[in-house]
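Reading through the structure tokens given below for one structure.
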Amino acid sequence: MRKIVIAGNWKMYKTQSEALEFLQGFKSELEDTPDDREIVLCVPFTDLDILSKMLHGGRIQIGAQNVHWEAAGAYTGEISAPMLTELGVRFVVIGHSERRQYFGETDQTVNLRLKATQKAGLTPILCVGETKQQRDSGETESHIFSQLEKGLVDVDQQNLVIAYEPIWAIGTGDTCASIEANRVIGLIRNKLSNPHVTIQYGGSVKPDNIDEIMAQPEIDGALVGGASLDPQGFARIANYR
Ligand code: 13P
């Protein structure tokens, strides 16, 4: 059975006090949320501890947005997977296009981070997706297949979530048509050794398009940026019908 995972990626938004304010509005909206889905908040490192304490034992899981591949060492400014595990973190976003674009993330470092995440007992959310230019020149499939092939070397597909995030759809309001997202996610699934991997769609997911996205047979959830910052809006997404 494929698990459904609805995850918010807050990116570099919300101080601790803003995170607590979000939670006040968000938790009460989840009282009738069906049990068939996991709800995850992937938040800045500085929000992890307090949110984890506030949410302990509840149905909202906590995720980080990056992790170093060594368990400890002289890596100034980095955070390791065991540090996250101890805080009660369950998921880690890895290889987000913003990290690939602005912070030198490569398929090789993605692969190292995926393995370190799994070794610490956490579930990675691997992000893949093409640029507008790659899409326009017909390279969508080959680019994504290459990201998967290089990223997934020696990675355990029993403990993995993948997010298909077309870069041109991120933060632009220009959502990928749900039928097209479904098609690409189906192609991704065909490349995996485990067909039960949860594969999300991400890119301008909003309260008004989530129902259509989740109605697609290959799509097992969403990775939501901007719309996850608003408690009522993200609750509507989590409560998709
Ligand atoms: P938006 O939902 O703001 O387009 O961001 C998507 C994303 O990057 C989630 O990781």
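For region 139-230, with equal point scatterers placed on the C-alpha atoms only and solvent neglected, what are the log10 I(q)/I(0) values from the Debye formula at q = 0.11, 0.18 1/Å, to two decimals?
Rounded to two decimals, the profile gives -0.30, -0.79.
Sort the following peptides by mean Cβ neighbour count (other Cβ atoms within 10 Å, averaged over residues), highest first: 137-147, 93-103.
Going from most to least packed, we get 93-103, 137-147.
My understanding is that a pair violates if its Cα-Cα distance is over 23 Å; which of LYS3/LYS27; LYS53/LYS115; LYS11/LYS150; LYS14/LYS115; LYS11/LYS53; LYS14/LYS119 do that in this structure?
Cα-Cα > 23 Å for LYS53/LYS115; LYS11/LYS150; LYS14/LYS115; LYS14/LYS119; rest within.
Could you state the per residue volume, in Å³, of the convex hull enclosing the Cα atoms of region 1-121?
Normalising the Cα hull of region 1-121 by residue number yields 122 Å³.
Please compute the contact order of the chain in relative form: average sequence separation of alpha-carbon pairs under 8 Å and at least six residues apart, divided by the residue count, as a percent.
Across the chain, relative contact order equals 22 percent.
Give me a comma-separated list of calculated 3J(HN,Hα) values for region 161-166, in order, Karplus coefficients 6.51, -1.76, 1.60 applied at θ = phi - 60°, integers in Hz, x for any Gly or Pro.
Couplings: 10, 10, 10, 8, 10, x Hz.
Only Cα pairs under 8 Å and at least 6 apart count here; give the relative contact order of region 162-211 as a rounded whole percent.
Averaging sequence separation for qualifying contacts and normalising by length gives 57 percent for region 162-211.
Using a 1.4 angstrom probe, figure out how much accessible area the chain has per residue, in square angstrom, rounded to the nearest whole.
46 Å²
Taking the highest mean first, how do the peptides 80-89, 123-132 order by number of other beta carbon atoms within 10 angstrom per residue?
123-132, 80-89
What span do the alpha-carbon atoms of region 117-176 cover on each of the three principal axes, reported in whole Å from largest to smallest?
38, 24, 13
Ratio of the chain's C-alpha Rg to 2.2 N^0.38 Å, to two decimals?
0.94
So how far apart, in nm, are the two label points at GLN158 and ARG183 if each is 7 Å from Cα heading toward Cβ?
The answer from the label model is 3.5 nm.
Taking 7 Å along the Cα-to-C-beta vector as the label spot, tell me the GLU86-HIS56 distance in nanometres, rounded to one decimal.
With each label placed 7 Å out from Cα toward Cβ, I get 1.5 nm.
So if we plug the beta-carbon distance of ASP35 and LYS132 into 1/(1 + (r/R0)^6) with R0 = 41 Å, what FRET efficiency do we get, rounded to 0.05?
0.60
Highest first, please rank the peptides 205-217, 110-122 by the mean number of other Cβ atoms sitting within 10 Å of their residues.
Highest to lowest by the protection proxy: 110-122, 205-217.
Between ALA71 and GLU149, what is the spin-label point distance in nm, taking each point 7 Å from the Cα along the Cα→C-beta axis?
Output for this residue pair reads 3.3 nm.
Regarding region 71-188, what's the average projected area of the Cα-atom convex hull, expressed in nm²?
For the Cα atoms of region 71-188, the hull's average projected area reads 8.2 nm².
Once amide H atoms are built 1.01 Å from N in the peptide plane, which residues 5 or more positions from HIS196, or in another chain, come under 5 Å H to H?
When sequence neighbours closer than 5 places are left aside, there are no close amide H contacts.
The values are calculated or read from the model by the stated rules, or taken from the named source; none is laboratory data. What you are looking at is a predicted structure, and each value in this text was computed from that prediction instead of being measured. Please note: Cβ atoms are built from the backbone with ideal geometry, for glycine as well, and neighbour counts cover all protein chains shown. Surface areas here come from the heavy atoms of the whole protein model, side chains and all, with no ligands, DNA or RNA. Shrake-Rupley method; radii C 1.70, N 1.55, O 1.52, S 1.80 Å.
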